[in-house]
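I have placed the structure first, in the form of structure tokens, so that the comments after it can refer back to it.
The values are calculated or read from the model by the stated rules, or taken from the named source; none is laboratory data. In this text the structure is predicted, and so the values were computed from the model without any measurement. Counting neighbours? That spans all protein chains shown, and the Cβs are built from the backbone with ideal geometry, glycine included.
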Amino acid sequence: MTSNHRLRFELIVASVLLGLGLFALPGVIFWVGTSLLGPYGQGTGVGTFYGDFYGDLASGVGRAWALALGPLVVVSLIRLLFVKRRAEGTGAEQEVPAAPPQPPTQDQRRVEPRVSLE
């Protein structure tokens, strides 16, 4: 039962990240590009930008696929790093805790300072 929930979670995360790469990220890039560099193409709008982007995806252009798959790949790599660290931390070789400290003897006791009010 747990693996079914895990698979569902992974599919939802992958779908959301792929959706970000296909729909939201190109819009953000268009907005930033027009703000910094001026109008796209011959002054055409965001529709032409999306059309060119999806045309590049259909043609197999690497930069378009990198943009579309970027969020999914980056988040997957970050998650993989944390999974590896967690697996290393739960290995069979764990340090045995040291013995508890012995209570101080009569000679080693701490002497509190005394303040007189006189």
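Just a few scattered comments:
- Selection status of Ser3, within 25 Å of Leu72 (Cβ to Cβ) and free of Cβ contacts under 8 Å to residues at least 40 places away in the same chain: yes
- Residues that are of a type in the set (Ser, Thr, Tyr) and in contact with a strand residue (DSSP E or B) (Cβ under 7 Å, 6 or more places away or on another chain) within the range 9-47 comprise just one, Thr34.
- Test result for Val13, aliphatic (A, V, I, L, M) and either loosely packed, with under 13 Cβ neighbours inside 10 Å or free of Cβ contacts under 8 Å to residues at least 60 places away in the same chain (or both): no
- Which listed residue is out of contact with any Asp or Glu (no Cβ under 7 Å at 6 or more places or on another chain), among the hydrophobic types (A, V, I, L, M, F, W, C) and modelled with pLDDT of 95 or more, from Ile78, Ile12: Ile12
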